[in-house]
Amino acid sequence: DFHAIASARAKLYKYRFCTNRFVDPTRSRYVSHFYLPLDMDTFRQALTLFEGIHDMAAFANQVPKSTVAFEGQDLTFNTVKIIHSISLEEEEEPGYYCINFELESALYKMVRNIVGACKMAAEGGGGNTRIKMDLPYIARLLEQGDSRLTRADNLALSAPAEGLTLESVYFDHY
């Protein structure tokens, strides 16, 4: 009666990054380095856009096409995800930050793509000549019911992997 994916009720992901000129070498494997200046208010505003129920197709590199059999029923993977809360906190050491993601489930590279889009918005759009990554553009990618959107519609780069950790998985009875 236990399935590692289907029995999970929520997860806590943390993404850590540093905005200092140099990253502490003892933390460099676990903290991403964002060296361009960031507007932290814009970063926080962009993160809040993701709270709630959204179709995350534009923020997933791969969407599973298979189903999982569990307790006599097939659970189909989809791109609609629930993010309970996202918070950006400054850590004890100046210049080090942590983003907490409390969500039900995530798609492949979804959290890194969210951080990448918010980072580009906080940098002032990322300097891309084809598109300006800003809050209205991110909101348009999250529009409910537009299942035609894919990762190709999101021109933001993924955030580096070294900042992401899965901290906890919550189950009802385990």
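Rounded to the nearest 10 square angstrom, Phe171 shows an accessible area of 60 square angstrom against a 1.4 Å probe.
Accessible area per residue was computed with a 1.4 Å probe on protein heavy atoms; Glu162 scores about 80 Å². Here Lys81 is the anchor, and the aspartates and glutamates within straight C-alpha reach of less than 20 Å, apart from those fewer than 8 places off in the same chain, are Glu51, Asp55, Glu102, Glu104, Glu143, Asp146, Asp153, Glu167, Asp172.
Amide H contacts for Ala10 (H built 1.01 Å from N in the peptide plane; partners 5 or more residues away or on another chain; cut-off under 5 Å): Tyr170. Between the alpha-carbon centres of segment 156-171 and segment 15-39 there is a gap of 15 Å.
Straight-line cross-link partners of Lys119 among the aspartates and glutamates, defined as a Cα under 13 Å from its Cα and at least 8 positions apart when in the same chain: Asp39, Asp41, Asp134.
The phi-based Karplus calculation (6.51 cos²θ - 1.76 cosθ + 1.60; θ = phi - 60°) puts the 3J(HN,Hα) values of segment 97-108 at 10, 9, 9, 9, 10, 9, 8, 6, 7, 9, 8, 4 Hz, whole numbers, x for Gly and Pro.
The values are calculated or read from the model by the stated rules, or taken from the named source; none is laboratory data. Because the structure is a prediction, the values reported are computed rather than measured. Just the protein is used for accessible areas: all its heavy atoms, side chains included, with ligands, DNA and RNA removed. Shrake-Rupley method; radii C 1.70, N 1.55, O 1.52, S 1.80 Å.
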